[in-house]
Structures are given as structure tokens and as C-alpha cells.
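Please read through the structure below; I'll follow up with questions.
The values are calculated or read from the model by the stated rules, or taken from the named source; none is laboratory data. Model, not experiment: these values are computed from the prediction. Note that we place each Cβ from the backbone using ideal geometry, even for glycine, and neighbour counts take in every protein chain shown. These accessible areas exclude ligands, DNA and RNA; they are computed on the full protein's heavy atoms, side chains included. Shrake-Rupley method; radii C 1.70, N 1.55, O 1.52, S 1.80 Å.
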Amino acid sequence: MNGAKDDTPERAVRRTIERLEARAGEHACGGFLASLDELQRTELFTALIFDRLDRKMRTVEALRAEAADNWNQTFYLLYFRTLGDRCNQEAYLELARRVPYKIVLRERKVPHAVEAMLFGASGLLDLYHNDEYTLNLRRNFEYLAAKYEIRPMEAAAWELAEIRPANHPVLRLAQAAEFFTQDEFIMDRAMACRREEDVRTLFGIEASDYWRTHFIPGAESDARPKRIGAFKANIIGINLVVVLQFAYGSYTRSERLRDSALSLLENLPAEDNRYIREWAAAGVRPRNAFESQALLQLSTEYCARQRCAACPVGRRLVKIFAET
């Protein structure tokens with residue numbers, strides 16, 4: 001009898017949370033999520049999306065403060081932060097600080113000059129000495145560095161081991177140079193993206209002619225366009241366009257733009273990474289980027305930290321157990 005009295009609703013809830021926390025790394029709630037109907041799952045995913053966007057907006061706000069409230073420079077900083085893989089995120093961001101957008105705008109009608117500034121400031125030219133193309137970039141950079149007081153980074157700031165050729169920083173910088181010489185209304189075009197096709201058209205940029213036969217300077221490859229592919233363009237769409245549309249919509253109090261950001265997430269395909277594959281193995285297969293971003297938020301902010309008691313899914317499960 002005493003044991004039954006001790007089994008209070010509070011203790012039952014505590015045991016439920018403990019069981020969830022013990023298997024958080026295995027996505028133990030996957031079966032529950034998969035069993036929900038579309039409306040119930042969308043309700044939970046929406047809460048997670050707003051949670052994720054709130055966290056990302058703090059990054060945008062920090063960059064906007066750094067950019068002295070200049071939204072074009074904020075876009076520029078966030079583009080570089082999104083351009084590479086996670087291990088080089090800070091290096092790309094530091095490069096964007098050393099070659100600010102206002103300088104790129106002044107030189108954008110000469111794409112080779114923009115490429116020279118980005119390569120020279122990155123410090124990566126120091127790794128390639130025996131190639132005529134990079135020697136020309138170096139000569140141009142010496143002039144531009146003196147003109148704009150650009151201090152180059154150390155090449156050691158970049159993590160280059162085990163980087164796929166298509167994602168190598170030198171190729172990404174060549175693509176960035178082409179991207180920012182298109183026109184001076186890049187952010188306006190990003191704010192106008194509504195579909196996956198819009199994102200791919202805007203960001204699927206091909207590097208200059210030299211790169212058709214090179215992944216890195218001085219080493220020729222088979223001739224083919226070195227274009228930002230659909231997968232990478234969609235990642236930029238998710239992590240740059242959606243976030244900036246939502247942040248700028250919040251800043252300008254434009255519900256239309258905030259809604260556009262959420263709709264774009266629904267129109268972009270789900271990511272394919274280890275987190276999403278783990279959820280798929282647990283029975284939850286996202287249909288689009290809206291759902292995959294919600295699952296990423298679950299994985300990184302709740303499951304990995306065993307924060308089941310604070311998690312929208314965990315709270316829903318606890319409520320169900322408490323009512324039964």
C-alpha cells in the first residue's frame with residue numbers, strides 16, 4: 001500500500017523523463033513522432049522551427065551590430081559564414097571582415113580584382129607559388145592591399161586536410177568572387193527567393209574560366225564548369241536566405257517576409273546528413289527542409305544535451321503519460 005501511495009503523478013513523470021534522457025542519443029522518441037498524424041507532427045515541428053530561428057537570429061543580430069546596422073554587409077558576412085564547411089566557418093568570416101562588402105562593390109566591375117582581394121586576404125596564395133594565374137592574383141593583390149589597407153590572414157587559419165576538391169576554400173572563394181560581381185542588389189534578390197528554383201538560380205554560380213580546368217591552382221583537372229551545385233545552393237538557401245528573410249522581416253515588422261521564410265523552408269528539400277539519417281533509422285523521414293531543420297533542432301539542442309524535460313516532444317510525451 002505504501003508503495004502505491006509513493007507512486008505519485010510527479011514520480012511517474014520523473015520516471016518518464018529519466019527513460020527519455022537515458023535513450024536521448026538513440027532518438028528514443030522517434031517512434032512516437034512517427035506515430036503522430038500530420039497535424040500533430042506539424043504543430044511540434046513548428047515549435048522547433050521557431051526555436052531554431054530564434055537561435056539563428058541571435059547570430060544575425062550579432063553580425064548586424066558588427067556591421068553597424070548595414071544589412072548588405074550583414075548579408076555578406078553571413079554568406080561567407082555559410083559558404084564553407086563547419087571547420088572553416090570562422091576563417092571565412094574573418095576573411096569577410098578583412099575584405100568588407102563596400103570594397104567589393106568598388107571593384108566588382110573587374111571580377112579578377114575581387115578574386116585577387118579574396119585570395120590575397122585569405123593567405124592561401126602563399127600555398128601556390130608556381131602558377132601564372134596565382135602570380136597575377138598576387139601582383140593585383142599587392143596593389144589592392146595597399147589601396148584599401150587589407151591585412152592578409154595566415155594560411156594556417158584554414159583547415160585543408162580531408163576537404164573534398166569541390167568544397168576546397170580556393171574554389172569556394174573563386175565562386176564567391178563571381179557571385180558578388182553579379183550586381184549590387186544581391187540581398188534584394190535573396191529577399192525575393194520563394195522557390196527552390198530561385199535559390200539555385202541565384203547561388204548556383206560558376207567560377208571564372210581558369211577554374212574550368214582546376215580545383216586548386218597549378219593542378220589541371222578535366223575541363224568542366226566549377227559551379228556551386230544544387231545541394232550546396234540549397235544549404236545556402238536554408239542557412240542564409242531563410243534566416244535573413246525571417247530576421248529582416250522581424251526587423252521591418254513584415255509578416256509577409258517572415259511567412260515567406262517559412263514557406264521557402266517547406267519548398268526546399270530536406271538535408272541529408274548524419275542527424276537526418278539517424279532520425280530516418282528511428283522512423284522519422286522529413287519531407288522537406290522545414291521538417292529536417294526541426295529534427296536538427298531536436299538533435300542538437302535537446303537530444304544531445306538530454307534536455308527532454310524542456311523539449312516540445314518530451315513535454316508532449318510526459319503529458320500523455322500523465323493523463324493515462
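Testing ASP183 on (1) modelled with pLDDT of 95 or more; (2) closer than 16 Å to TYR79 by Cα; (3) charged (D, E, K, R), one condition comes back false. Which one is that?
It fails just one condition, (1).
Something else now. Just to be sure before I move on: is GLU18 open to solvent by 40 Å² or more (accessible area, probe 1.4 Å), modelled with pLDDT of 95 or more and in a helix (DSSP H, G or I) in the structure I sent?
No, not satisfied.
Does at least one position in segment 139-162 carry a residue that is surrounded by fewer than 20 Cβ atoms within 10 Å (Cβ to Cβ), touching a Pro at 6+ places or on another chain (Cβ under 8 Å) and at pLDDT below 95?
yes
Is there a residue in segment 96-107 that is open to solvent by 30 Å² or more (accessible area, probe 1.4 Å), among the basic types (Lys, Arg) and touching a Phe, Trp or Tyr at 6+ places or on another chain (Cβ under 8 Å)? So that I can check it myself, show each step before the final result.
First, pick out the residues of segment 96-107 that are open to solvent by 30 Å² or more (accessible area, probe 1.4 Å): 97-98, 102, 105-106.
Among the residues that remain, those that are also among the basic types (Lys, Arg) are: 97-98, 102, 106.
Among the residues that remain, those that are also touching a Phe, Trp or Tyr at 6+ places or on another chain (Cβ under 8 Å) are: none.
No: segment 96-107 contains no residue that is open to solvent by 30 Å² or more (accessible area, probe 1.4 Å), among the basic types (Lys, Arg) and touching a Phe, Trp or Tyr at 6+ places or on another chain (Cβ under 8 Å).
Answer yes or no as to whether ARG52 is over 21 Å from ARG277 (Cβ atoms), modelled with pLDDT of 95 or more, of a type in the set (Lys, Arg) and buried (at least 17 other Cβ atoms within 10 Å of the Cβ).
Considered against the rule, which asks whether it is over 21 Å from ARG277 (Cβ atoms), modelled with pLDDT of 95 or more, of a type in the set (Lys, Arg) and buried (at least 17 other Cβ atoms within 10 Å of the Cβ), ARG52 comes out as no.
Going through segment 70-110 one residue at a time, which ones are at pLDDT 95 or above, of a type in the set (Val, Ile, Thr) and either in a loop (DSSP other than H, G, I, E, B) or more than 26 Å from PRO165 (Cβ to Cβ) (or both)?
THR74, VAL99, ILE103
GLU196 passes all but one of (1) surrounded by 18 or more Cβ atoms within 10 Å (Cβ to Cβ); (2) among the acidic types (Asp, Glu); (3) at pLDDT below 95; which number fails?
All conditions are met except number (3).
Among the listed residues GLU255, GLU266, which satisfies the condition of being more than 30 Å from ARG285 (Cβ to Cβ), open to solvent by 10 Å² or more (accessible area, probe 1.4 Å), among the charged types (D, E, K, R) and modelled with pLDDT of 95 or more?
Only one candidate qualifies: GLU255.
Do we find that ASP222 is under 30 Å from ARG287 (Cβ atoms) and surrounded by fewer than 19 Cβ atoms within 10 Å (Cβ to Cβ) in this structure?
no
Here is a further query. Answer with yes or no whether PHE119 is open to solvent by 60 Å² or more (accessible area, probe 1.4 Å) and more than 20 Å from the chain's Cα centre (by Cα).
No.
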